[in-house]
Amino acid sequence: MFKNLFKKEKIESFKNFVEGNLVYIENVSDEVFSQKMIGDGYAIKPTDSNVYAPMSGKVTSLFPTGHAIGLTLNNGLDIMLHLGIDTVELEGKGFEIMVKEGQVVKQGDILIKADWDYISKSGYDTVSILVFPNGEKIDLRKKEGEHVSSLEENVIEIIK
């Protein structure tokens with residue numbers, strides 16, 4: 001009866017989705033993001049090709065071009081990752097999709113691999129954005145330009 005009384009449940013904390021340098025969302029060159037038309041969030045100028053699930057959840061939307069992916073996290077929050085600016089025009093070149101729509105993912109799973117050199121040499125900005133489309137606000141714990149590692153904790157605090 002009391003077997004699980006003292007068992008502590010580990011609560012996942014939100015982790016960073018790609019290694020790189022932090023960019024304030026207000027400074028992203030695409031006005032849809034910089035004016036927070038889709039939602040609050042933050043951006044990274046990536047230095048690593050792997051794009052990770054920041055928390056466990058389900059892939060709810062996946063563009064066939066690999067430039068954008070939506071997740072519903074196990075805590076009920078929705079997020080969207082948009083990789084690069086105007087990269088939909090690459091028609092999938094430079095992106096390797098590692099998951100499928102409807103797939104359940106665990107925190108730290110690789111979602112997409114991006115060839116940032118190819119994308120940059122093709123004339124596209126590699127700044128990648130994570131947004132919360134349902135009205136959540138965030139408090140950044142890092143300064144613009146600061147390097148953040150993949151899956152680093154405490155980059156943001158989510159304010160509901």
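Rounded to the nearest whole Hz, the Karplus-based 3J(HN,Hα) values (6.51 cos²θ - 1.76 cosθ + 1.60, θ = phi - 60°) of region 110-120 follow the sequence 7, 8, 8, 10, 10, 8, 5, 4, 4, 4, 5, with x at glycine and proline. Taking the Cα centre of the chain as reference, the dipole from Cβ charges on Lys and Arg (+1) and Asp and Glu (-1) amounts to some 860 debye. Backbone geometry of region 152-160 corresponds, through the Karplus equation with coefficients 6.51, -1.76 and 1.60 at θ = phi - 60°, to 3J(HN,Hα) couplings of 5, 8, 6, 7, 9, 10, 8, 10, 8 Hz, x marking Gly and Pro. Each semi-axis of the equivalent ellipsoid for region 1-154 is √(5λ) with λ an eigenvalue of the Cα gyration tensor; in descending order they amount to 27, 18, 14 Å.
Report, in whole Å, the centroid distance computed from the Cα atoms of region 91-113 and region 15-76. Each part's Cα centre sits 13 Å from the other's. In the chain, Cα pairs under 8 Å separated by at least six residues give a relative contact order of 32 percent.
Residue pairs exceeding 28 angstrom between C-alpha atoms, taken from K93/K137; K93/K160; K113/K160; K36/K142: K93/K137; K93/K160; K113/K160. Rounded to the nearest whole Hz, the Karplus-based 3J(HN,Hα) values (6.51 cos²θ - 1.76 cosθ + 1.60, θ = phi - 60°) of region 83-96 follow the sequence 9, x, 9, 6, 6, 4, 5, 6, 6, x, 5, x, 10, 10, with x at glycine and proline. Solvent-accessible area assigned to carbon and sulfur over the chain amounts to 49 percent, based on a 1.4 Å probe. Taking amide H atoms as placed 1.01 Å from N in the peptide plane, the amide H of K142 has no partner under 5 Å among residues 5 or more positions away or on other chains. Solvent-accessible surface of the chain, taken per residue with a 1.4 Å probe and all protein chains present: 54 Å².
The values are calculated or read from the model by the stated rules, or taken from the named source; none is laboratory data. Here the structure is a predicted model, which means the values were calculated and not measured. Heads up, the Cβs are rebuilt from the backbone with ideal geometry, glycines too, and the neighbour counts pull from every protein chain shown. Accessible surface is based on the protein model in full, side chains and every heavy atom, while ligands, DNA and RNA are left aside. Shrake-Rupley method; radii C 1.70, N 1.55, O 1.52, S 1.80 Å.
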